[in-house]
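The block underneath contains the structure these notes are about, expressed in structure tokens.
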Amino acid sequence: GARPVGTDGSDHWHRESVAWQYKFSSLNKSRLRTDLTIHIVLSLLMIVRVLPGLTSLLGVGPISSLRKWNFPPPRPWEYAWIVCIVAVVLGWRSMAKNESKLLKQYVVGSVVFGILPVISGFIDQSDDLYAYLNEKKYSGQFFGYPAVLVFYLFLFIAIQVHAFGVYFSYQLLKSWKPREKKAQ
């Protein structure tokens, strides 16, 4: 439209704009949703990977279509990592109404059931990685690749997903915190 008479447009900083915390909240909610979506995909892959071990642990025979894949037996850190899906649900639900309490529970769950099992996985797989790198020995395969390399690929992706999730959550918690009024 036409420019109002008496202004050259240089007074733009005096006009109303969206407060930084709302812009910041919207941006980090989008980032956290993307992060949680990637986490859900990783969780589905891990559930498929652990399913044969879970069925035998529960006393149910392995599903015939999973039996032919011949996965190495699941490690304890993998079972612990799957529990982190509960934290993902809390994180997702927290964003609808800016619920700080749920987001804090997501952060705690992500650290306890996400980051700690991943670190445990790095430690657990270190001997296998050392044997593979020095002697080209490996104990199992995933689709023709050494299992230790697939595990480490998963662990590197998972640690990044968790680190970004915790970072975006921290940023959201900062933007959701009520502003303090200046003392007069």
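Points to keep in mind about this one:
- Extension gain from Ala163 to Arg33, taking 0.36 nm per residue of separation minus the Cα-Cα distance: 45.4 nm
- Scoring 74-83, 91-100 by mean Cβ neighbours within 10 Å over their residues and listing the highest first yields 74-83, 91-100.
- Extension gain, Phe24 to Leu173: 0.36 nm times the residue separation minus the Cα-Cα distance gives 52.6 nm.
- Surface composition of region 25-184: carbon and sulfur make up 65 percent of the accessible area, probe 1.4 Å.
- Cut-off 11 Å, label 7 Å out along Cα→Cβ of Ser139, residues of region 71-109 by amide N: 72-76
The values are calculated or read from the model by the stated rules, or taken from the named source; none is laboratory data. Predicted, not measured: the structure shown is a model, and the values here were computed from it. Please note: Cβ atoms are built from the backbone with ideal geometry, for glycine as well, and neighbour counts cover all protein chains shown. Surface areas here come from the heavy atoms of the whole protein model, side chains and all, with no ligands, DNA or RNA. Shrake-Rupley method; radii C 1.70, N 1.55, O 1.52, S 1.80 Å.
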